[in-house]
Amino acid sequence: MQVQNAIVHNAADEDWELLTTFFPKQWRDLARSSGALKGLRQDKGEEGYLRVLMLHFGCGLSMRETVTRANEAKLAKLSSVALFKRLRKSREWLYQLCRALFEERGLKPTIATKHNLRLVDGTLIKEPGPTGAQWRIHYSLRWPALRCDYFKLSPVEGAGNGESLRQFPMARGEHILADRGYCHASGIHFVAEQNGYVAVRLNPDGIMLQTPAGDAFNLLQKLKPLQRSGQIAAWNALVPFEKRPPVSVRICAIRKSKIAIALAHKQLRRKASKQGSELQPETLIYAEYVMVLTTFPEKEFPARLVLEWYRFRWQIELVFKRFKQIAQLGHLPKQDPESAKAWLYGKLFVALLTDKVLAQARALSPWGYTLQAIEAP
């Protein structure tokens with residue numbers, strides 16, 4: 001974690017002029033068109049505005065610490081209340097910055113669908129300090145808009161506070177994409193009861209499956225015929241839960257490449273070794289496949305399309321992973337939904353920016369950035 005923290009702080013502490021070369025080209029125009037600068041009495045320039053916000057997002061400072069640092073660095077002279085209002089007003093600007101960086105990455109599925117999708121996720125955050133509170137963030141993004149439509153904080157401990165699809169309000173006809181942490185019978189039933197649809201990475205150890213006839217679903221037996229890389233299959237199944245009628249689902253599976261299988265096995269063995277646990281044979285077999293449980297209508301979403309959309313969600317998940325690292329650094333607004341969403345976009349912007357800086361440093365340039373019109377003084 002120390003290395004990850006160092007990466008984030010390095011991205012935030014870079015020479016500002018150099019750092020701005022990684023921003024979207026239209027970042028200044030977006031500040032004005034989004035209304036972020038409207039009504040500002042001080043620091044009306046978008047540069048000072050964003051620089052102060054980056055202290056808050058990138059370095060994980062509280063509002064009070066941020067304004068103190070900003071005053072000492074002569075970036076701005078403002079109060080914690082003024083910064084809070086500025087954060088709230090910046091929500092649309094930060095969202096547009098994130099959209100622009102997502103577009104630069106070329107993140108889009110190769111197979112389109114007419115439906116809007118909803119990407120749900122969650123993470124833990126512990127605020128700094130010996131008495132820092134720990135929270136669980138639940139949030140969802142709409143695709144292709146990538147707009148945050150839901151943000152919720154809950155305690156980490158206690159019944160009903162874990163990762164679950166029940167944490168999210170659902171509308172009829174919604175199509176949800178989620179990772180394996182949401183593969184629970186209660187959440188799948190909840191989405192079905194709201195007349196929505198879900199595609200979630202299958203966790204064989206976390207959910208009970210039945211055949212359409214109500215017998216035990218032998219997943220290992222179903223997977224055996226899939227021996228070639230890229231081979232796809234799908235099977236109908238039922239998800240029982242308490243005394244309710246079971247929900248009909250499909251299990252869509254694809255066999256990984258030999259390289260991907262070897263990497264997955266290596267990671268599992270390393271994890272088992274560190275934990276001193278015994279690795280089960282079926283765990284190694286499951287690691288040879290990507291399996292998605294879905295209630296998406298088969299006519300519109302054949303197995304290949306379901307897997308394609310989950311592959312796309314995995315691309316987004318790589319960004320979420322960076323976001324989760326950065327989200328652990330900092331104080332977050334807890335009372336106002338608008339400022340909470342602005343905070344999320346700000347953290348996501350730093351995550352995307354960090355990835356862009358690292359990509360340049362590792363692969364594209366020996367000095368870590370592209371040549372720009374930055375002239376020596």
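The values are calculated or read from the model by the stated rules, or taken from the named source; none is laboratory data. Just so you know, these numbers come straight off a predicted model, no measurement behind them. Note: ideal-geometry Cβ built from the backbone for every residue, glycine included; neighbour counts use all protein chains shown.
A few remarks follow.
- Every condition in (1) surrounded by fewer than 16 Cβ atoms within 10 Å (Cβ to Cβ); (2) farther than 16 Å from ARG311 by Cα holds for SER257 except the one numbered (2).
- Candidates are the residues of region 125-183 that are hydroxyl-bearing (Ser, Thr, Tyr) and assigned to a loop (DSSP other than H, G, I, E, B); the one that is modelled with the lowest pLDDT is THR131.
- You will find that of ALA233, ALA262, ALA237, the residue that is more than 24 Å from the chain's Cα centre (by Cα), small (Gly, Ala, Ser) and over 27 Å from LEU119 (Cα atoms) is ALA262 and no other.
- Within region 276-295, the set of residues being hydrophobic (A, V, I, L, M, F, W, C) and closer than 11 Å to CYS252 by Cα comprises VAL290, MET291, VAL292, LEU293.
- Cross-chain or 6+ apart pairs with Cβ under 8 Å, region 138-159 first and in contact (Cβ under 8 Å) with a residue 60 or more places away in the chain, then in a loop (DSSP other than H, G, I, E, B) and among the hydroxyl-bearing types (Ser, Thr, Tyr): none
Residues are listed down the side, and each one gets a yes or a no for (1) of a type in the set (A, V, I, L, M); (2) under 19 Å from LEU284 (Cβ atoms):
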position: PRO204; (1), (2): no, yes
position: LEU209; (1), (2): yes, no
position: GLY214; (1), (2): no, no
position: PHE217; (1), (2): no, no
position: ILE232; (1), (2): yes, no
position: PHE241; (1), (2): no, no
position: VAL247; (1), (2): yes, no
position: CYS252; (1), (2): no, no
position: LYS256; (1), (2): no, yes
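- Looking across region 284-305 at every residue that is in contact with a Ser or Thr (Cβ under 8 Å, 6 or more places away or on another chain) and surrounded by 21 or more Cβ atoms within 10 Å (Cβ to Cβ), the one that is farthest from SER257 (Cα to Cα) is identified as THR295.
- Taking the conditions (1) of a type in the set (S, T, N, Q); (2) in a helix (DSSP H, G or I); (3) in contact with a Lys or Arg (Cβ under 9 Å, 6 or more places away or on another chain) in turn, SER277 satisfies each one other than (2).
- Within region 154-184, being among the aliphatic types (A, V, I, L, M) and surrounded by 18 or more Cβ atoms within 10 Å (Cβ to Cβ) holds for LEU165, MET170, ILE176, LEU177, ALA178.
- Taken together, the residues in region 184-196 that are under 22 Å from the mean Cα position of the chain (by Cα) and either charged (D, E, K, R) or in a loop (DSSP other than H, G, I, E, B) (or both) amount to 2.
- Among the conditions (1) assigned to a helix (DSSP H, G or I); (2) surrounded by fewer than 17 Cβ atoms within 10 Å (Cβ to Cβ); (3) of a type outside the set (A, V, I, L, M, F, W, C), the only one that LYS25 does not satisfy is (1).
- Of all residues in region 214-254, exactly one satisfies the criterion of being farther than 21 Å from GLU298 by Cβ and crowded, with 17+ Cβ neighbours inside 10 Å, namely PHE241.
- Looking only at region 61-84, and only at residues there that are of a type in the set (A, V, I, L, M, F, W, C) and assigned to a loop (DSSP other than H, G, I, E, B), the one that is surrounded by the fewest Cβ atoms within 10 Å (Cβ to Cβ): ALA73
- Flag if GLY35 is assigned by TED's automatic domain parsing to the domain that holds LEU94, at pLDDT 80 or above and assigned to a loop (DSSP other than H, G, I, E, B): yes
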